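K.L.:
This structure is in structure tokens; I'll ask about it shortly.
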Amino acid sequence: RLTPTEFELLRQLMLYAGKVLTHRSLLRTVWGPEYGEEADYLRVYVRQLRLKVEKEPSHPRYIITEPGIGYVFRGNVVAQNV
């Protein structure tokens, strides 16, 4: 199960699959404008998310780190109405 914050983080990454999202943009979108500089905070949540969605969290296939920049979601995303 994902927490609401983990869900929103994953949703943002998947909405922009293939595009690198900066630490700042993810923090501001998911947590709010006052969190723009908290990259360590984001790292903790990305790690938790990887533990839940990656087969091998230490070798991620979907949530990829772009060092010094941010994260990118790599994978095929199919939108469905549920």
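K.L.:
Can you compute the charge dipole magnitude of the range 4-73 about its Cα centre, using +1 on each Lys and Arg Cβ and -1 on each Asp and Glu Cβ, nothing else charged? Give it in debye, rounded to the nearest 20.
P.N.:
260 debye
K.L.:
Would you please give the residues with an amide H less than 5 Å from that of A17, counting only those at least 5 places away or on a separate chain, with H modeled from the backbone geometry?
P.N.:
none
K.L.:
Follow-up. Given the peptides 54-61, 24-31, 43-50, arrange them by the average over their residues of other C-beta atoms within 10 Å, most packed first. Working shown, then result.
P.N.:
Working: 54-61: 11.4, 24-31: 18.2, 43-50: 16.8.
Ranking, from highest mean packing down: 24-31, 43-50, 54-61.
K.L.:
Report, in deg cm²/dmol and to the nearest 500, the calculated mean residue ellipticity at 222 nm for the chain, where each DSSP H run with n ≥ 4 adds -39500 (n - 2.57) and the sum is divided by the residue count. Display every interim value, and only then the final one.
P.N.:
Values: 3 runs with 35 residues, N = 82.
That comes out to -13000 deg cm²/dmol.
K.L.:
For volume of the Cα convex hull per residue in Å³, the listed values are (i) 100; (ii) 78; (iii) 86; which was obtained by calculation from the structure presented?
P.N.:
(i)
K.L.:
I'd like to know which of G75, S58, V20 lies farthest towards the positive end of the charge dipole of the chain, counting +1 on Cβ of Lys and Arg and -1 on Cβ of Asp and Glu.
P.N.:
G75
Read-outs: derived from the displayed coordinates by stated rules, not from any lab. Please read these numbers as outputs of a predicted model, since none were measured by experiment. Every residue, glycine as well, gets a Cβ built from its backbone with ideal geometry; the counts of neighbours run over all protein chains shown.
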